[in-house]
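Here the structure comes first, spelled out in structure tokens, and everything after it is commentary.
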Amino acid sequence: MAVTYEYIVRTKDLIKEYTMGGQVLRALDGVSLDIRRGEYISIMGPSGSGKSTLFNMVGGLDKPTSGTVFIDEVDMAQLDAFELAWLRCRKIGYIFQTFNLIPVMTALENVTLPMIFAGISTDDAIEKGIKLLQTVGLGERVHHKPTELSGGQQQRVAIARSFANDPAIILADEPTGNLDLRTGKEIIELLRRMNKESGVTIISATHDLKMIDVSDRVVWIRDGKIDKISARADIDLNVGQMEGEQH
Amino acid sequence: MASKQEAGIRRQIELPLSQAVKMARDSIRVRFWRSMITAAGIFLGIAFLESVLMTSAILKSIGDGYDDVVRTRQNWLVVMSLLVSTVGVVNSMLMSVNERYREIGTMKCLGALDRLVVKVFLIEAGFTGFLASVVGAIVGTGAMALVLWVRFGGKFWGALSGASVEVLVNIGIGIVIGTVLALMAAFYPAWRAAKMPPAAALRSEF
Ligand SMILES: Nc1ncnc2c1ncn2[C@@H]1O[C@H](COP(=O)(O)OP(=O)(O)O)[C@@H](O)[C@H]1O
Ligand SMILES: [Mg+2]
């Protein structure tokens, strides 16, 4: 059986360059970050600072130019296509700003899809899918298509889908970016609750300051570099003093 | 650094073909009208090809007047109609794959193997291509038969019975060409989209 490591994700000297029309743009510039199992960590930074790029590298959705991503101390570059697919299916759940539900599928079909890929029988997948949709408060909407749901409801479906195969990591890229203030807050609270209940590690890229309250740690990123990392303990202990620095 | 085994990382399983068939069928069903438009592109190409082939077969069978000039013109039309159907089929399939890049990226995030994505698209294309070609071949042949019948009257039936084997072979050729073109036209874009990193597929706007 799998050994558990203290750090579920580590990145070392991560560099990602994009070449566009002969110009080289360094979106990530030497990011080294250790993420502990079970923590809720927010990657904060302005638009264009490299959050999505980091999200893609950690999630195995793109390859870094140089540097390493370790998942459970395994170098992701060592994984073949089958192992990467397994990782994306079983170990990581993804949540996107644009929800990325399959438009022609119902809420339930969207949630069961990762389970189908994992080889789980249709009956079991449907049973679990309904349970997950109930957990996120959509028990009455299982047969609705994404176009028949509000933004907040679509994001709830995406959250239910991300939990389909009991992943160890949830990666969220601006999960509240397309939602109004109140709906965004509900989504943040839902993520926090699921983090507490299941012990899943949540890594959330955002520039939504509401995220700070629920985060165990906040990584501040600017121009592809880590600016600083603040722990919740610091924030709690130094209420008032830290406030100016956080924003 | 830990080994893959220690970390419990395993290999993704391959889904049985029946699962891919089911996904392809569902996909056609839920976007029925979009699939019909794709099918229409294939249908028109094959119907045109068949009408030209039918004319050749009947003229040849009637005999008189089927001289070098007519033969050259008919062959030229066959080449043209082949080109037209190729463009029609390839365009239809390219469009139907291109507009689904994001979906492909999403499926890969959820654990789909590249080959499953390609398989689903090929089954969809094969199925759509086959049905559209069957209908296109029958309608193209039938419509041209009507035109030739009006033109030649009673002589048409004699010519048809003389050319019946060729007509059937032509229908078969049309069905094979339509299906194979649809499969080939779907393969390249589907394979390209499937092997692209999910981040890139998700970013594409269609
Ligand atoms: N595929 C790409 N091709 C070229 N440049 C890119 C690409 N993706 C991101 N970038 C650039 O990299 C930088 C970081 O982008 P991104 O990671 O999306 O930032 P964030 O998510 O923090 O807004 C930006 O300058 C962006 O324009
Ligand atoms: Mg971003």
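The values are calculated or read from the model by the stated rules, or taken from the named source; none is laboratory data. Bear in mind that the values here come from a model prediction, so they are computed numbers and not experimental data. Reconstructed Cβ throughout: ideal geometry from the backbone, glycine too, with neighbour counts over all protein chains shown. Note: areas computed on protein heavy atoms with side chains; ligands, DNA, RNA excluded. Shrake-Rupley method; radii C 1.70, N 1.55, O 1.52, S 1.80 Å.
Which three extents, in whole angstrom, do the alpha-carbon atoms of chain B cover along their principal axes, largest first?
83, 30, 29
Please find the FRET efficiency linking A:T122 to B:R34, where r is the Cβ-Cβ separation and R0 is fixed at 30 Å, and quote it to the nearest 0.05.
For R0 = 30 Å, the calculated efficiency reads 0.75.
If you take the beta carbon distance between B:N75 and A:R222 as r and set R0 to 56 Å, what does 1/(1 + (r/R0)^6) give as a FRET efficiency, to the nearest 0.05?
The value I calculate is 0.25.
How far, in nm, would the chain grow between A:A2 and A:K63 when pulled straight, counting 0.36 nm per residue and subtracting the alpha carbon separation?
Length gained, A:A2 through A:K63: 19.4 nm.
If R₀ is 22 angstrom, what is the calculated FRET efficiency for the pair B:R151 and B:V87, using the beta carbon separation as r and rounding to 0.05?
Taking R0 as 22 Å, the efficiency between B:R151 and B:V87 is 0.15.
Kindly write out, for the range B:27-41 in residue order, the coupling ³J(HN,Hα) from the Karplus curve 6.51 cos²θ - 1.76 cosθ + 1.60 (θ = phi - 60°), rounded to whole Hz, with x marking Gly and Pro.
5, 5, 5, 6, 10, 4, 5, 5, 5, 5, 5, 4, 4, 4, x
Please compute the modelled spin-label separation between B:S3 and B:S164, points set 7 Å along Cα→Cβ, answer in nm with one decimal.
Going by the 7 Å Cα→Cβ label model, 7.1 nm.
Considering only lysines 8 or more places apart in sequence, or on different chains, count the pairs in the range B:31-203 whose C-alpha atoms sit under 20 Å apart.
Final tally of qualifying lysine pairs is 4.
For the protein assembly as shown, what are Rg and Dmax over the alpha carbons, in angstrom?
28.3, 102
Give the average, rounded to an integer, of partner chain Cβ atoms located within 10 angstrom of each Cβ in A:91-102.
Partner Cβ neighbours, averaged per residue: 3.
Given B:G174, B:F127, B:A163, which one lies farthest toward the positive end of the charge dipole of the range B:31-203, if we put +1 on the Cβ of every Lys and Arg and -1 on the Cβ of every Asp and Glu?
Looking along the dipole axis, the top candidate is B:F127.
Counting DSSP beta bridges with both partners in the protein assembly as shown, what percentage is antiparallel, nearest 5?
Around 55 percent of the beta bridges assigned by DSSP in the protein assembly as shown are antiparallel ones.
Please check: in the Gaussian network model of chain B (C-alpha springs, under 10 Å), which one of B:G63, B:G172, B:G45 has the largest mean-square fluctuation.
The residue that fluctuates most here is B:G63.
So, with +1 on the Cβ of K and R and -1 on the Cβ of D and E, and no other charges, what is the size of the charge dipole of the range A:156-225 about its Cα centre, to the nearest 20 debye?
60
Over all residues in B:9-21, what is the mean tally of Cβ atoms on other chains that come within 10 Å of each residue's Cβ?
5
Report the longest stretch of chain A that contains none of the GluC sites (Glu not before Pro) sitting in a DSSP loop with at most 13 other Cβ atoms within 10 Å.
A:7-139
Got a sec to turn the phi values of the range A:16-33 into Karplus ³J(HN,Hα) couplings, 6.51 cos²θ - 1.76 cosθ + 1.60 with θ = phi - 60°, whole Hz, x for Gly and Pro?
10, 10, 10, 9, 9, x, x, 8, 9, 10, 8, 7, 10, 10, x, 8, 10, 8
What's the carbon and sulfur percent of the range B:31-203's accessible surface, probe 1.4 angstrom, rounded to a whole number?
The computed percentage sits at 75.
Assuming a viscosity of 1.002 mPa s and a temperature of 20 °C, what translational diffusion coefficient in µm² per second does Stokes-Einstein assign to the range B:109-170, Rh being the Kirkwood radius over Cα pairs?
146
Take each of the peptides A:88-101, B:74-87, B:145-158, average the number of other beta-carbon atoms within 10 Å over its residues, and list them starting from the highest.
A:88-101, B:74-87, B:145-158
At 0.36 nm per residue, minus the direct Cα-Cα distance, what do A:R192 and A:N178 gain on full extension? Give it in nm, one decimal, please.
My answer for the length gained is 3.2 nm.
Give me the 1.4 Å probe accessible area per residue for chain A, excluding ligands and nucleic acids, in Å².
43
Quickly estimate the mean residue ellipticity at 222 nm for the protein assembly as shown, helices only: each DSSP H run with n ≥ 4 gives -39500 (n - 2.57), and the total goes over all residues, rounded to 500.
Only helices count here, giving -18000 deg cm²/dmol.
For the range A:164-204, place one equal point scatterer on every Cα, skip the solvent, and apply the Debye formula. What is log10 of I(q)/I(0) at q = 0.17, 0.31, 0.34 Å⁻¹?
Here log10 of I(q) over I(0) equals -0.45, -1.09, -1.17.
Other chains' Cβ within 10 Å of A:163-169 residues: what's the mean?
1
Take the alpha-carbon centre of the range B:175-206, take the same for the range A:41-89, and report the distance between them in whole Å.
The range B:175-206 and the range A:41-89 have Cα centres separated by 25 Å.
Can you give the extra length, in nm with one decimal, that the chain gains between B:S204 and B:M95 once fully stretched, where that is 0.36 nm per residue apart less the Cα-Cα distance?
Net length gain for the segment: 37.9 nm.
I need the GluC sites (Glu not before Pro) found in the range B:37-106, filtered to DSSP loop residues with at most 14 other beta carbons within 10 Å of theirs.
Passing sites in the range B:37-106 are B:E99.
Excluding B:I62 itself, calculate the net charge of residues whose Cβ lies under 11 Å from the Cβ of B:I62, where each Lys or Arg counts +1 and each Asp or Glu counts -1.
Taking every other residue near B:I62 into account, the sum is +2.
Restricting to bridges with both residues inside chain A, how much of the DSSP beta-bridge set is antiparallel, in percent to the nearest 5?
55
Find the centroid of the Cα atoms in the range B:134-166 and in the range B:80-95, then give the distance between the two in whole Å.
Computed from Cα coordinates, the inter-centre distance equals 25 Å.
Ranked highest first by the average count of other Cβ atoms within 10 Å around their residues, in what order do A:205-212, B:125-132, B:6-13 fall?
The most tightly packed comes first, giving B:125-132, A:205-212, B:6-13.
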